[in-house]
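Trainee: Just passing along the structure, written as structure tokens.
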Amino acid sequence: AVYRSRVRAFLNWFLPPNVFYKEIDMGERVLRVKYNLLSSNSLRRGLSNNRLHSYFWGRFCQPMEVLWSRDEATLRNVESHLQQAVRTFLNRVLPRAPATGAVAELWIKGLGLSYAAELRSEAPDRARELVSYALDHYRGDGRRRTGIALFDVSHG
């Protein structure tokens, strides 16, 4: 329902997400944002333990903040998706990780594996940078958040 073009709607359903880029002139600064548009069902499928590719669960297990939600039920839905992303991440990464070691190293290795599977991969040291910035998040303290925004997923 978001798209005027049926082709874009089909492509978003067939191969989610659609990615958009926006620049907003803020006077002396320019705010740049890249955002994804996808349905809650597409997100749920992408975060599933049955999904091999890491695009969704590799990204959505990272620190995020819900900036707006239409209601409490939608917020719970989003939080449930984010929890599933972490479970899928751990299910996929733990078999490839050493049996012992620091939690930070597990996340650095896992994020590195996820990034390496993407067509447009992150810089080689990006996983280490992200984990060191939000170490409390990766240790399980959900109160630590970054400025990453998550869009509302209130519609199926």
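The values are calculated or read from the model by the stated rules, or taken from the named source; none is laboratory data. If you're wondering where the values come from, they're calculated on a predicted model, not measured in any experiment. Note that each Cβ is placed from the backbone with ideal geometry, even for glycine, and that neighbours are counted across all protein chains shown. What goes into the accessible areas is simple: the full protein's heavy atoms, side chains included, and nothing from ligands, DNA or RNA. Shrake-Rupley method; radii C 1.70, N 1.55, O 1.52, S 1.80 Å.
Trainee: Between helix 103-116 and the chain, what is the angle of the helix's C-alpha long axis to the longest principal axis, kept within 0 to 90° and rounded to the nearest 10?
Mentor: It works out to around 50 degrees.
Trainee: I'd like the Karplus ³J(HN,Hα) series for the stretch 30-46: coefficients 6.51, -1.76, 1.60, θ = phi - 60°, whole numbers in Hz, and an x wherever there's a Gly or Pro.
Mentor: With the stated coefficients, the stretch 30-46 comes to 10, 8, 10, 9, 10, 9, 10, 10, 7, 7, 4, 5, 5, 5, 4, 5, x Hz.
Trainee: Then there's this: Going by average Cβ density within 10 Å per residue, which order do the peptides 109-116, 14-21, 133-140 take, highest to lowest?
Mentor: Ranking the peptides 109-116, 14-21, 133-140 by packing returns 109-116, 133-140, 14-21.
Trainee: Efficiency by 1/(1 + (r/R0)^6): what FRET value for LYS34 and ALA97, r their Cβ-Cβ distance, R0 = 30 Å, to the nearest 0.05? Walk me through the numbers before you get to the answer.
Mentor: On the way: r = 29 Å, r/R0 = 0.98.
Efficiency at R0 = 30 Å is approximately 0.55.
Trainee: Here's another thing I want to ask about it. Label LEU15 and GLU65 with points 7 Å out from Cα along Cα→Cβ: what is the distance between them in nm?
Mentor: Inter-label distance under the simple model: 3.4 nm.
Trainee: While we're on this one: Measure nothing but the geometry: give the 0 to 90° angle between the long axis through the Cα atoms of 72-93 and the longest principal axis through the Cα atoms of the chain, rounded to 10°.
Mentor: Compared with the principal axis, the helix lies near 40 degrees.
Trainee: Moving on. For Rg/Rh (Cα atoms, Kirkwood Rh), several values are listed as [x] 0.97; [y] 1.26; [z] 1.09; flag the one computed from this structure.
Mentor: It is the one labelled [x].
Trainee: Identify, among TYR3, TYR21, LEU111, the residue whose Cα sits farthest towards the positive end of the charge dipole of the chain, taking +1 on the Cβ of Lys and Arg and -1 on the Cβ of Asp and Glu, with the dipole about the Cα centre.
Mentor: TYR3
Trainee: Turning to a different aspect of this structure: How would ILE108, ILE24 line up by accessible area, probe 1.4 Å, largest first? The partial results should precede the final answer.
Mentor: Values: ILE108 25, ILE24 70 Å².
Largest to smallest exposure gives the sequence ILE24, ILE108.
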